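These notes are about the structure you will find just below.
None of the figures in this text is laboratory data; all of them are computed from the coordinates on show. Since the structure is predicted, the reported quantities are computational estimates derived from the model, not experimental observations. We place every Cβ from the backbone using ideal geometry, glycine too, and count neighbours over all the protein chains shown.
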């Protein structure tokens, strides 16, 4: 854990915990937000939280400034609505939560239920009760194959255990979003004293443990379940996590018997836990949204004091960490390079950052609608993009002739473009390139028969040069390589009408499976003597293959970094005998101008060097806390903006000062053998 409970600030937009919540009605419930679950829909954020009379609702456009909207769900005859989570699928919002009968005082009658709505704001309508036993803290996730799974907590799975009885986390497949399969599997059970909810809780001499608040995520082929441990009323309530290679066999980090929380109490915040993860507006960075109490105030167990907080979710290789719980000002979640939520004055279609090519485009009710059925309509961005992540929310306006509509992934002119389309008549998602006026072969995927074209669907395009990967509703659908590499992004309809609720584009560089050549071409090795290459690119990683531990072998980005950006890369050294050091150039202009950090693997000491016009300034050496364990991935991370730069290795800050140079590149390397992967650049 970063004992400073902060990251360096670059300036610009910021936030401070607890988060700001506006409330025109001055409700006493507005400032206490337990068990927050954040859903991003059509570019906006909706936060659902535990409440006595119902499920609370907040709304935001940036994760920082929230507005209290009252209750998204009330249910006659029920109270104590715990730990809601909401999933959107095919036009319907599904809310999973637990509640008790109004007259019931025993919390063990919290049974899991599901309600539905056609709006993220509700009102949600009760559909069914899932289980007839204590069941809480649902998280429903969609896997890459489209299957849904329910993660949740119960008491009776290990309640009769003699050693460590307590609340556990289970997983069950959903036949549909209203029906568990009924074959639950154990994900996590108590294993350590820090998970104790209460000593001798039921008077039988056994200590009751609790693991709850499951949140699942997947990253680079690894599965993670984050969870909260002990009791939310305790000051030492915390968040931990477990990892799995296959999504079924889990191990807590670092092992089942070692206490190593992601977030826990500090001198200003206590009771930190029960979180959800939300993607920043740039659709790249993850943020951890959780509750916590002000540790400087008197804690009253009879009063609800849990407040809404958030901090970035970061990575040390495959390991999760966060600088929280923070309480000082921090840089706000990053915004995309291009964003339009179409909330301007109704009627006008185009803004300064759009070019209308064809069609009749109007803004109304928070949507941009193309109404003409007489042409192949198009509206494109004024700016060009090469490497990016783009998310668009779109829907077809039903017509008996069918409809084809979508997004230009790359538009240069009417004779050169890449177009992703939804075809309502054929029930397909397609992508094709037109180059020099000649249309190439289309890549396509069939959509389920129940897929609704006439409701909001999210199309995500991940582009790296000529490589395009397309996801629909979070499920990978298409990928293909094309000749066109840079162009505008656009919205399109073909002889039909469609509406668009949001578009967000972030300039982002990241390796994608199937795009090895595209990614490797963005880097170049430093000139070294010898006819044999020291570097190879294999399965998304740069591998240094030399046995020479004296000479520095380095790879640099081919292009200069933008003025504001974030760089992250992971490295692993498998054999100490074959490696002497690892190098990261946070800024490199030439051999006479650079900012370099070198990790000595024997001493775990990092030495920094600032070189200007050939004059080298040695920065104070920094020793890594805990050392640099071989066989584990470690992470260099740098961020720059507003003329400032900071550099980190794992959780250790190496540099926090004025930016070194303008127009520089970044680089990495080693003396000996090492492997570098997970390289990303986000503007």
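List of remarks:
- For the range 1-61, a Kirkwood hydrodynamic radius built from all Cα pairs, placed in the Stokes-Einstein relation at 10 °C and 1.306 mPa s, yields a translational diffusion coefficient of 114 µm²/s.
- Euclidean distance between Cα centres, the range 147-215 to the range 354-410, Å: 47 Å
- The value of relative contact order for the chain, using C-alpha pairs under 8 Å at least six residues apart, is 10 percent.
- Between residue 360 and residue 486, the C-beta separation translates, for a Förster distance of 25 Å, into a calculated FRET efficiency of about 0.30.
- Once Rg and the Kirkwood radius are both taken over the C-alpha atoms of the range 570-646, their ratio Rg/Rh works out to 1.00.
- Dividing the convex hull volume of the alpha-carbon atoms in the chain by its residue count gives 171 Å³ per residue.
- Using C-alpha pairs under 8 Å with a sequence gap of at least 6, the mean separation divided by the residue count of the range 522-682 gives a relative contact order of 35 percent.
- Quarter of the Cα convex hull surface for the range 10-121, i.e. its orientation-mean projected area (nm²): 8.4 nm²
- Counting beta carbons within 10 Å around each of 20, 322 and listing the fewest first gives the order 20, 322.
- Pairwise centroid distance, computed over Cα atoms, of the range 426-505 with the range 10-42, Å: 34 Å
- Cα shape, the range 29-92, gyration tensor, a/c 1.5 rule: oblate
- Taking other Cβ atoms within 10 Å as a rough exposure proxy, 320, 679, 622, 263 sort from fewest to most as 622, 320, 679, 263.
- Each peptide among 207-214, 548-555 gets the average number of other Cβ atoms lying within 10 Å of its residues, and from highest to lowest they stand as 207-214, 548-555.
- Shape index of the range 522-682: Rg/Rh, with Rg the Cα radius of gyration and Rh the Kirkwood radius from the inverse mean 1/r over Cα pairs, equals 0.93.
- Prolate/oblate/rounded label for the range 230-331 (Cα gyration tensor, a/c 1.5): oblate
- Seen through its C-alpha gyration tensor, with square-root eigenvalues sorted a ≥ b ≥ c, the range 338-510 comes out rounded because a/c lies under 1.5.
- Our summary gives the range 115-155 a relative contact order of 30 percent, counting only alpha carbon pairs under 8 angstrom and 6 or more residues apart.
- Rg followed by Dmax, in Å, when the range 14-331 is reduced to its Cα trace: 18.2, 52
- Backbone N under 14 Å from the residue 259 label point (7 Å along Cα→Cβ), restricted to the range 182-206: 191-199
- Distance in nm between pseudo-label sites at residue 450 and residue 244 (7 Å out along the Cβ direction from Cα): 2.4 nm
- Distance in nm between pseudo-label sites at residue 551 and residue 294 (7 Å out along the Cβ direction from Cα): 6.2 nm
- Among 441, 386, 494, the order by Cβ neighbours within 10 angstrom, fewest to most, reads 441, 386, 494.
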